[in-house]
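Enquirer: The structure under discussion is supplied below as structure tokens; questions concerning it will follow.
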Amino acid sequence: MFEAALLILLIAFFGYKLLTGVRSSKKFNREWSNVQDSDKEAFLKSKGNLSKWELGSFTKLSKPLTFIGNMLALAVILFIVVVAVAMIFQ
């Protein structure tokens, strides 16, 4: 019982981190595309240290592919949560 609850918490935490990473990456890429070439270096300096999540080249996919990727990630997370819940109530 404890192991399943711990598994659910770990899945929820890493799922949350993944989704927030994708969102921050999309936000950065949207802002980056609006900056003119001459201002890009100043823009990067204003952002300070950037994590790989914020730079996230994986969100530069076309919109349908990004949507499909996000839905697949959510489906996998939900599947694992359902399996963990089934283990708890077995």
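Throughout, read-outs are computed from the coordinates displayed, never taken from laboratory work. Predicted model, so just to flag it, every value in this text is computed and none were measured. Don't worry about glycine lacking a Cβ; one is built from the backbone with ideal geometry, like all the others, and counts go over all protein chains shown.
Enquirer: Would you kindly state how much longer the chain becomes between ASN70 and LYS45 on full extension, computed as 0.36 nm times their sequence separation minus their alpha carbon distance, in nm to one decimal? It would help to have the intermediate numbers written out before the result.
Expert: Details: separation 25, 0.36 × 25 = 9.00 nm, distance 2.98 nm.
Contour length minus Cα-Cα distance gives 6.0 nm.
Enquirer: Report the FRET efficiency, 1/(1 + (r/R0)^6), for VAL35 and LEU10, where r is their Cβ-Cβ distance and R0 is 35 Å, rounded to 0.05. The partial results should precede the final answer.
Expert: Values: r = 37 Å, r/R0 = 1.07.
That gives a FRET efficiency of 0.40.
Enquirer: May I pose another question? Label-point separation (nm) for VAL85 and GLU3, each offset 7 Å from Cα along Cα-to-Cβ?
Expert: 2.1 nm
Enquirer: HN-Hα J couplings of region 15-29 from phi, Karplus 6.51/-1.76/1.60, θ = phi - 60°, integer Hz, Gly and Pro as x?
Expert: Whole-Hz 3J(HN,Hα) from phi for region 15-29: x, 4, 4, 5, 5, 5, x, 5, 5, 5, 5, 5, 4, 4, 5.
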